[in-house]
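The next block holds one structure in the form of structure tokens; read it before the comments.
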Amino acid sequence: MGKLLCDSTATFQSPSPTVPWREPSTAAVSLDDVDLVDQSAAAAAVEAVEKKMAASTTTAWDEVFGLEESQRRHLSRLHARGVLWKHPGKDESSASVVFRLSHGGEVSSDGNCLFTASQKAMEARGIDARDLRRRTVRRFLEDFRSANEEEKEVITDAIRHMYSPDLKSGWGIHIVQEEKLLAKKDERESLDSAIEELIQTGMQRETAAESIYRERCLPVNDGLSWAKYMSISGSTEDEYDIITLQYTEDGLLSVEENREGHAAAFGDDIAIECLATEFKREIYVVQAHGSDGMVEEENCVFFLPHKPRSEVLEVPVFLFMKGTGWCGGGADHYEPLIANPSPLISHEKVALVL
């Protein structure tokens, strides 16, 4: 699962604009910018690749579960024609690259999908999802500690917006809001005992649990608590368990006590930016929203760029998110996209210019 922010200001830096699905302008990129091979020497190889791509296009996205026809059409077109990316740090004479995006397969919906999908999309060797999670948290802590006070305040506000929201506001956008609390694994028995004592006084179970968890657990409301939260992968080795308090405008809706300790921290926009910074690569989240997402069909697929807070040294990473409903609520999930460089294509033919 992944967490999609409705408020795009909740990032470390000024957010990059969403790249909507659009026809590229013929003046957007000059042919000199495209990395073309020697045409006379590679014509046969290019023709073979194009035929292979065309043959696979008809099935590449047809086999992906849970997509509507409008989404399949756009994604198949994206795969067939490719997207053009230009290195942001290079001058006008530098080569651009055209990528054909293929679905990289499903990953488990266990809360670790951002990191599992990223590992596959990067085709990283010798590193797994838990390693990526640890490196993400480490990168965040290093950057957070070196930030000035104004930057820390911006980061803290973003974290509070996501995990400790002001329950007096936000109801015009959200039907349900959540608060995240962290309970130490070795304190669960004492917490249960305290909850039971309140129940014995006549208090309802959920009200008692809310009271004790709020009093004794760590809220996720600043940089250090975010790092503890994002370290949780749902394993027995975690220091904390995640407690989720859900609220409607009328008050407490439910308490997710996570008694088995299997809940993992879902990757958010802050985590994606830290991943991008750690690997010095831009990360594009390709979102596909269905008919209940309140978007027009031609805009059902769009790109959300996440740029590193450092120089870009490698080609970008692409992740796929299937979302449903307003703001992707309820079904956000990251899956890998495999980006294959195209050996030959002109900018007039690409599906999208990033």
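The values are calculated or read from the model by the stated rules, or taken from the named source; none is laboratory data. Given the structure is predicted, the values throughout are model-derived calculations rather than measurements. Reconstructed Cβ throughout: ideal geometry from the backbone, glycine too, with neighbour counts over all protein chains shown.
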(message) If a residue must be farther than 18 Å from residue 273 by Cβ and crowded, with 20+ Cβ neighbours inside 10 Å, how many such residues does region 130-146 contain?
(response) 0
(request) Find the helices (runs of 4 or more DSSP H) located wholly in region 94-212 whose residues include 3 or more that are without any contact (Cβ under 8 Å) to a residue 24 or more places away in the chain, and list them. (result) 129-146, 149-163, 188-200
(request) Consider residue 270 carefully, then state whether it is surrounded by 20 or more Cβ atoms within 10 Å (Cβ to Cβ) and touching a Cys at 6+ places or on another chain (Cβ under 8 Å). (result) no
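I want to confirm something. Restricting to region 196-237 and keeping residues that are farther than 19 Å from residue 255 by Cα and β-branched (Val, Ile, Thr), which single residue is modelled with the highest pLDDT? Step through it out loud before you land on a result.
First pass over region 196-237, keeping only residues farther than 19 Å from residue 255 by Cα: 201, 222-228, 230-231, 233, 235-237.
If we keep only those that are β-branched (Val, Ile, Thr) too, we end up with 201, 236.
On the way: 201: 96, 236: 93.
This residue is 201.
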(request) Test each condition in (1) over 19 Å from residue 112 (Cβ atoms); (2) surrounded by 15 or more Cβ atoms within 10 Å (Cβ to Cβ) for residue 231 and report the one that comes out false. (result) (1)
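Residue-by-condition table, conditions (1) modelled with pLDDT under 85; (2) under 15 Å from residue 337 (Cα atoms):
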| site | (1), (2) |
| --- | --- |
| 30 | yes, no |
| 36 | yes, no |
| 57 | yes, yes |
| 86 | no, no |
| 93 | yes, no |
(request) Working carefully through the options 188, 214, 205, find the one that is within 30 Å of residue 134 (Cα to Cα) and exposed (fewer than 14 other Cβ atoms within 10 Å of the Cβ). (result) 214
(message) Pairs needed: first member in region 238-256, under 22 Å from residue 184 (Cβ atoms); second member anywhere, at pLDDT below 95 and surrounded by fewer than 15 Cβ atoms within 10 Å (Cβ to Cβ); C-beta distance under 8 Å; at least 6 residues apart or different chains.
(response) 246/176
